[in-house]
Amino acid sequence: MNKQNQLAEINNSGKAYIIYKSKKGFNLYTDFSKKIILNNKNIKNFLKKRFKNKTKKTDLFIGFFGYELLNNLINVKIPRQKSINFPKGIFYKPEKIINLSNNLKYKSIKDVRNSDFKININKNSYTKIFDKFKKKIKSGETYQIKICTKYKTKSKINPLDFFTRLSKTNLAPEAFMIKDRNYSIISCSPENLITKIGSEISTKPIAGTVKKTKSLNKIKALNYFKKNIKETKEHNMIVDMERNDLSRVCRVGSVKLSKQKIVEEYKDLFHYVSLIKGKLKKNIKNIDIIKAMMPGGSVIGCPKINTLNLLNKQEKENRNIYTGSFGYIKFNGDMRFNIIIRSILNFKNFSEISVASGVVVDSNSSHEFNENFIKAKALIDLFK
């Protein structure tokens, strides 16, 4: 049986599985022997686990940390919010990994879609929040903050169909999907937060977005970012913050900018990206790295803790997976985690897409509100 047929068979069997972008294609993880549902009480024990077997490809846990769980881990409190009671985090132990090519193929079965999305914050409400945070910036309480908006619709979806189509139009380096019995996640996340191999660690912050047009190519996009004071300020602040986060767990002087202010191209937009690398201090544990790096600063703002507190007081709905992290922890200690953005969470036959744009002192509320829709568009289009 070829691998594409295996994928279809696994999907049709009802078994839980995960697909995650790799350098050469995708990895499919399945035949899970353990499923750990994380909460505020057990997350520290999970991250401190020690393992005997460390040599097989399947010696790992793969899954996600939700936003609320990561806040709790660094002692940032979230006031009571509207919640759909989705798990705060889930990790799986696979017993089978199948390598797939970039060219995913799946003959879709017609599903029940609904493209009638409702936004939780309209433009007028967004502008009021924007103006409030602008005052916070001017008073020095924060320097940059990300306002989250959420698009929701009632819909049954076929996650593999969605992910296959998304991979053809918007193949992102941190794309993944999870299909389990009662939920699914489809993501075209472009942003890697942690890659740890041995004592080497890197992070790849994204800060800066511009809509693609017929007249705007990659070179012109780079010129746009370089000349745009607001985008440059935003990018510099986030890079400095993530360098600082890495420095908390890395050897003095080892944290370096490997790539600075390059442009990456996606279906509907261009992103402004840098790459930061460092060497870990001795005796640093994975829990130390996760507490230093998560939630990722590029989707929160800076300074991180102050800004998290401002956001959490303002937001009325739980973010669930959004701005959490998906990835794996190998039994030998190596890790890879993204930031969960550009994602669909389908739970209890409701789909939600969350997006956010950065507010700095030079920002314009209409521009930022429209940027949020640009980020959501590639996912909303899947429902049509």
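What follows draws every value from the coordinates through simple rules; no lab data is involved. Not measured: the values here are computed from a predicted model. FYI the Cβ positions are ideal-geometry reconstructions off the backbone, even for glycines, and counts take in every protein chain you see.
For the reader, a short list of remarks on this structure follows.
- As a proxy for reagent exposure, ranking GLU9, GLU141 by other Cβ atoms within 10 Å from fewest up yields GLU9, GLU141.
- Burial ordering of ILE62, ILE321, fewest other beta-carbon atoms within 10 Å first: ILE62, ILE321
- Once you reduce the stretch 60-74 and the stretch 335-384 to the center of their Cα atoms, the two points are 20 Å from each other.
- Using a simple spin-label model with pseudo-atoms 7 Å out from Cα toward Cβ, ASP59 and ARG181 lie 3.1 nm apart.
- Label-reachable residues, the stretch 145-178, where backbone N falls under 15 Å from a point 7 Å from ASN103's Cα toward its Cβ: 168-169
- For the stretch 344-384, the equivalent ellipsoid built from the Cα gyration tensor has semi-axes of 26, 11, 6 Å, listed from largest to smallest.
- Approximate spin-label separation TYR224-ARG251, in nm, with each point projected 7 Å along Cα-to-Cβ: 4.2
- Under the simplified labelling scheme, the LYS41-ASN364 pair shows an inter-label distance of 5.2 nm, with each label point 7 Å from Cα along Cα→Cβ.
- Cut-off under 5 Å, modelled amide H: who pairs with LYS281 long-range: CYS250, ARG251
- Each peptide in 238-250, 32-44 was scored by the mean count of other Cβ atoms within 10 Å over its residues; highest first, the order is 238-250, 32-44.
- For LEU100, the amide hydrogen comes within under 5 Å of the amide hydrogens of PHE26, ASN27, LEU28, counting only partners 5 or more places away or on other chains and with H modelled in the peptide plane.
- Pairs exceeding a 24 Å alpha-carbon distance, out of LYS154/LYS214; LYS220/LYS267; LYS132/LYS233: LYS154/LYS214.
- Cα-based Rg and Dmax for the stretch 272-374, where Dmax is the largest Cα-Cα distance (Å): 16.2, 48
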